Amino acid sequence: MLHPNPKGAAVQKIDPLTDFSEITATAAISSARHGWRAKCLQRLVRIDLPVPRTVALPAATVRAIAAGQPVDCAAILRHFGPDPLISVRPSPENPDWGGPATILNIGFNAARHDRLAQTHGQAAADALYLRFVQGYALHVARLDPDMFEGLEPSAEALRRALQAYATEMEEPFPEDPARQLSDVLRSMARAWEGTTARLLRQAKGAPEAAGLGLVVQEMAQGIGAGLSGSGVIQFVDPASGVPQVTGRYLGQSQGRDALRQPEAIYLTRDPRGASLQDLAPEIYADLLRFGATCRKNLREEMQVEFTIEDGHMSVLDAVKVVRSARAGLRIAVALAEDGVISRNDAVLRVEPRALSELLHPQVDPRGARDVFAKGIGASPGAATGKIVFTSAAAQASASRGEPCILVRRETAPEDIRGMHSAAGVLTERGGMTSHAAVIGRGLGLPCIVGASDLRLDAREKTLIAADGRCLREGDLITVDGTTGEALVGAATMLPPALDDSFRKLLSWADAVRDIGIRANADTPADAQTARNFEAQGIGLCRTEHMFFDEDRLVVMREMIFADTAQDRAAALARLLPMQRADFVQLFDIMQGLPVCIRLFDPPLHEFLPHSREGLRELAEALDKPLSDVTRRAEALAEFNPMLGMRGVRLGIVLPEIYAMQAQAIFEATVEIAHRGSAPVVPEIMIPLVSAKREVELVKSNIDAVAASVRAKSGVTFDFRLGVMVETPRAALRAGEIAQHAAFLSFGTNDLTQMTYGLSRDDAGRFMNTYVQQGVFAEDPFHSLDVDGVGELLLIGAERGRATRADLTLSICGEHGGNPESIDFCRRAGFDYVSCSPYRVPQARLAAAHLALTDPIG
Ligand code: PEP
Ligand code: MG
C-alpha cells in the first residue's frame, strides 16, 4: 500500500471517511481543496526536487476534524512506513491568510529517544525530545509558555518538561504516535476556527468560509553523523527585490532554526564568517539550481527550506518570499523581463493599493528631528498634519482640505472613515497587527502604533509627551511610519523614489487600460507630482486655491470690498498678472498635455477673516472704518453658503472675475505659443451649473475675452469650454447644456451632497451610525453611490452624448481614484477619471487590472 517512489504514483485514499492523498506528480491536488502549500509541494515534486513523502489533508477533512470527527491517524502513519517521524504544516488556500504553527517531530517518544541516543548520542536525543515536548505543550496542549521557558537542552530539562506536562495535564506525555498526530491535527484545525485567526485572515481578504488544508510530511532530521543540518535560502533581497542570495544554515538543526540562532552560518561565501558554500560547495550549487528551477517553473521568487541529513539534501517546503511592496514590484517586473511571466501577469501581480507605500514621501534623514514620541513604525512613509482626536474631526478636516493626523489610544472598526480621511495615524497602544497597523498598511497610510510613553487625554484634547511637552488639537505634527517616530511640526520631506521597475510596470499597465487618468492639481507642485506620476493631464485645477497666498489674499479682499465696478476692475487688474504667471507655470509643467481649469467656485466670504481681530486688521489694510468692513462681511454671510452665491452664480453676478481669469488663461496660452513650447489648448470649466442659460452667458463673456486677446496678440489659439456637473439638474438637463459644452466633468463631491441633500462638511457626525445600521452601505462621499449618484452620471452622459457624440466625459470628485468608480466610468464610456496626484499610479494600475480581468464587450 506504500509508494516507494512518490513521483508518478497514483492517488491513494487512506481513509474513506476523510479522503486524504499523497502528494505525487499526478495526484489530484488543488489549492482550492488542499491549500497553496500542498499545491506548491506538488509542483516541487513535479520539478524533481527531493521532497520527502507528504500527504495532503483537504480543507473539508480539517473542518470535520475541528467539528470533532475522529480521524484514522494510524492509517496516515502507516502511509509513511514503520515508526515514522513526521511534521504537520498549515496549508490555507492563500499563504497570506496565516495558519497555525508547524509542528515537527510527531512520533517522538521515550522508545525513539532511547534509540536515537544510541545512534546520534544522548545530547542530540535529549534536545530533539525536549523540543517536541515543548512545542506540543505550547501549541497542542496550549499550556502556559512560562512553564517551559529558559530550559536549555539537557537530560534534566527534558525530565522537568515531561514532569511539568504530566502535572498540568494530569496524564503522562502521550507516547502513542497516532494519539500525538490526532491531537496535533485537532488543535491545528481548531486554531483555524478561532476568532483572532478569523479576524486576521479576513483583514487580508479571506472569505468567511475560508478553509485550512494540512500537509503531513516525513521528517528529514537534520541531526546526526556526516553533514547534517537545516537552512533557509532565498534568491532576492526581500526589502528591495534585488537578486541576491540570503538566508542561513545551521548544522545539527531542524526547521527554520537557522533563522533564529546566532551561530547559523552564511550560505554564500562571506568575509564575515563561515559559509555553506565553503562547507559543501556541491550542496550550495544544488541549492542555486533549485532556486532557478523554482523561479522558472513556479513563476515566483521562492524561499526554500532545506534539510541535510548525512550529506543528503531534502527540500521540505518553499514559500513565496515575504517581501516589501517595493520588492514585490521589482520581482514582478524582473520575472516578466526574463520571460517567466507575461507583462500582463506582472501587472496583475501588483496590488494597486501596494503602490501607495512607494509613493509616500519619507522624512529627510538630514533634516532636524524634534521627536516627541516613539512607537512602532507600522505602515511606512511619512505625513504631516494637524492633530485630531476623533474620526469625526478627521473627516471634517479632510472636507476642509486640511491634512490631519488621527491620534487615538487605539483604533477600532468604526474609525475606518476617520482613517480614510487622515494623512497619518498615531496610536498610544497596539502592535504590528493591531487594527490601526493592519488598516494603515492596507490604506498605505503612514502609521505609528504603540507609542506608549504618550499620555493622551481625548476629553481635554491634549497629548502629553514623556518629556512633559503638551500638544493640542490643531498642532502640526509629522508621523514617520518608517522609523516609528512622531515629530513636532512639519519635518523636511524627501520625495518618493520611483525607480525603473515602477515606471516599467505602469507603462505596461497603460498599454492595456481602457480609460484615461488625469490628476486634480491646483498648484505647480501638484502639477509636477502629476507629471512625475505620468497623469495624462490635469482634470481639475481649482483656481481659488491660487488666491490664498498672503499677498494675493489682500488684493482679493480689496476686490471683494470694492465699492464700484472701477475699484473692482483695479483689484482684478492686479490679480491678472499673478494668475497669468500661475497658468504659464502649469502649462509649462504639463508640456502640452490637457489642463482643465475650473473658474472661481467658492462663496466670496470664504476669503474674509472670521475673527474680530482679523476684521480689524483688514479694516486697517483697506483703510476703511471697522464698521464698514464688518457690515460688508455680514452682508456676504449666507445661511447656506454651499447653496448660495458661488460657482457660476458669481460668474454671472460679477462677470469681471471670470473675465479676468479667462484673460489670464488666454494670455498664458499666447505666452507659451511665443516661446515655441508644445502648443496648449486650454480647457475652461464652469462650476456649479444648473441651467443652460448660465452656460450661454459665461460663454459669451469668455468668447469676447478670447477674441480680444487674439486681436491684441495676433496669435490664434483654440480653447475648449466645458461644464462641471455638480447639481442634479445639470445632469438631467445635460442634453441642452451640451449644446454649449465640449466636455462634461462630473464633480461627484457636490453632486453627492446635492443628490442626498447631505452636507459634505457635516455628514461625518452621523455617518458612522448610518453605515453601522446599514442605511448606507458605505459613506457615499468616499465610495461612489452607483445606484443614485451613479444613475445621474449615466443620465447626464447619455443625454449629453445624444446632443454631441464627441462630448468628452469625465469624473473629478474625490471618488475619481477609487477602483469601483473607475470601473463604473469605463463601463459608462467615460474618457477619463481625475484624482489627486498621489492616487494617479494606483488608478493607472487599477484601471489596467479591470481591463485585464473584466474586459468590456
Ligand atoms: C466636486 O464637487 O466634486 C469637486 C470636484 O469640486 P470641489 O470639491 O472643489 O467642490
Ligand atoms: Mg464642487
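The values are calculated or read from the model by the stated rules, or taken from the named source; none is laboratory data. Everything quoted here is computed from the prediction, not taken from an experiment. As a convention, Cβ positions derive from the backbone with ideal geometry for all residues, glycine included, and neighbour counts pool all protein chains shown.
Identify all residues within segment 721-758 that are within 27 Å of ALA706 (Cβ to Cβ), among the β-branched types (Val, Ile, Thr) and either in contact (Cβ under 8 Å) with a residue 40 or more places away in the chain or more than 14 Å from ligand 2 (Cβ to nearest atom) (or both); write none if there are none. Within segment 721-758, VAL725, ILE737 qualify. Looking at PHE776, is it within 27 Å of the chain's Cα centre (by Cα), part of a loop (DSSP other than H, G, I, E, B), buried (at least 21 other Cβ atoms within 10 Å of the Cβ) and not β-branched (Val, Ile, Thr)? Against the criterion (within 27 Å of the chain's Cα centre (by Cα), part of a loop (DSSP other than H, G, I, E, B), buried (at least 21 other Cβ atoms within 10 Å of the Cβ) and not β-branched (Val, Ile, Thr)), PHE776 does not qualify.
In segment 450-471, the residues that are at positive phi reach residues that are among the small types (Gly, Ala, Ser) and surrounded by fewer than 13 Cβ atoms within 10 Å (Cβ to Cβ) with C-beta atoms within less than 7 angstrom, at least six apart or across chains, in these pairs: GLY450/GLY431.
Rundown of residues vs (1) aliphatic (A, V, I, L, M); (2) surrounded by 15 or more Cβ atoms within 10 Å (Cβ to Cβ); (3) without any contact (Cβ under 8 Å) to a residue 24 or more places away in the chain; (4) not in a helix (DSSP H, G or I), yes/no style:
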| residue | (1), (2), (3), (4) |
| --- | --- |
| ASP588 | no, yes, no, no |
| LEU593 | yes, yes, no, yes |
| CYS596 | no, yes, no, yes |
| PRO602 | no, yes, no, yes |
| HIS605 | no, yes, no, no |
| GLU613 | no, no, yes, no |
| LEU618 | yes, yes, no, no |
| THR630 | no, yes, yes, no |
| ALA635 | yes, no, yes, no |
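Tell me whether segment 781-797 contains one or more residues that are more than 16 Å from ligand 2 (Cβ to nearest atom) and under 21 Å from VAL648 (Cβ atoms). Yes, the conditions are met somewhere in segment 781-797. Restricting attention to segment 535-583, and to residues there that are assigned to a helix (DSSP H, G or I) and within 16 Å of ligand 2 (Cβ to nearest atom), which single residue is surrounded by the most Cβ atoms within 10 Å (Cβ to Cβ)? So the residue we want is THR543. Would you say PRO238 is in contact with a Lys or Arg (Cβ under 8 Å, 6 or more places away or on another chain), assigned by TED's automatic domain parsing to the domain that holds THR307 and more than 18 Å from LEU316 (Cα to Cα)? Yes: the conditions hold for PRO238.
Comparison of THR769, THR808, THR748 shows that the only residue that is in contact with a helix residue (DSSP H, G or I) (Cβ under 6 Å, 6 or more places away or on another chain), in the same structural domain as ARG542 (by TED's automatic domain parsing) and of a type in the set (S, T, N, Q) is THR748.
Among the residues of segment 523-537, just one is acidic (Asp, Glu) and either in contact with an Asp or Glu (Cβ under 8 Å, 6 or more places away or on another chain) or farther than 20 Å from ASN818 by Cα (or both), namely GLU534.
Give, as residue ranges, the strands (runs of 3 or more DSSP E) completely inside segment 311-383 that count at least 3 residues that are of a type outside the set (Gly, Ala, Ser).
Fully inside segment 311-383 and qualifying: 312-320, 371-374.
Of ARG89, ARG179, ARG115, all but one fail to be closer than 30 Å to GLY328 by Cα, among the charged types (D, E, K, R), out of contact with any Cys (no Cβ under 7 Å at 6 or more places or on another chain) and assigned by TED's automatic domain parsing to the domain that holds LEU212; the exception is ARG89.
Residues are listed down the side, and each one gets a yes or a no for (1) farther than 25 Å from GLY194 by Cα; (2) at pLDDT 90 or above; (3) of a type outside the set (Ser, Thr, Tyr):
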{"position": "TRP97", "(1), (2), (3)": "no, yes, yes"}
{"position": "ALA111", "(1), (2), (3)": "yes, yes, yes"}
{"position": "ALA125", "(1), (2), (3)": "yes, yes, yes"}
{"position": "TYR129", "(1), (2), (3)": "yes, yes, no"}
{"position": "ASP146", "(1), (2), (3)": "no, no, yes"}
{"position": "PRO153", "(1), (2), (3)": "yes, no, yes"}
{"position": "GLU156", "(1), (2), (3)": "yes, yes, yes"}
{"position": "ALA166", "(1), (2), (3)": "yes, yes, yes"}
{"position": "GLU171", "(1), (2), (3)": "yes, yes, yes"}
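Restricting attention to segment 706-736, the residues that are more than 36 Å from the chain's Cα centre (by Cα), of a type in the set (A, V, I, L, M, F, W, C) and not in a helix (DSSP H, G or I) total 4.
Among the residues of segment 744-764, write down those that are within 14 Å of GLU726 (Cα to Cα) and away from ligand 1 (no atom under 14 Å from the Cβ).
Hit for segment 744-764 is GLY757, nothing else.
Yes or no, residue by residue, for (1) within 16 Å of ligand 1 (Cβ to nearest atom); (2) among the basic types (Lys, Arg); (3) modelled with pLDDT of 90 or more:
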position: ARG612; (1), (2), (3): no, yes, no
position: LEU618; (1), (2), (3): no, no, no
position: ALA635; (1), (2), (3): no, no, no
position: VAL648; (1), (2), (3): yes, no, yes
position: LEU654; (1), (2), (3): no, no, yes
position: ILE684; (1), (2), (3): yes, no, yes
position: LEU688; (1), (2), (3): yes, no, yes
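Among residues of segment 801-829 being among the hydroxyl-bearing types (Ser, Thr, Tyr) and in a helix (DSSP H, G or I), the one that is farthest from ligand 1 (Cβ to nearest atom) is THR803. Within segment 692-705, does at least one residue satisfy the condition of being part of a helix (DSSP H, G or I), crowded, with 18+ Cβ neighbours inside 10 Å, within 16 Å of ligand 2 (Cβ to nearest atom) and not aliphatic (A, V, I, L, M)? Yes, the conditions are met somewhere in segment 692-705. Got a number for residues in segment 723-743 being within 11 Å of ligand 1 (Cβ to nearest atom) and either farther than 19 Å from LEU807 by Cα or aliphatic (A, V, I, L, M) (or both)? Matching residues across segment 723-743 total 2.
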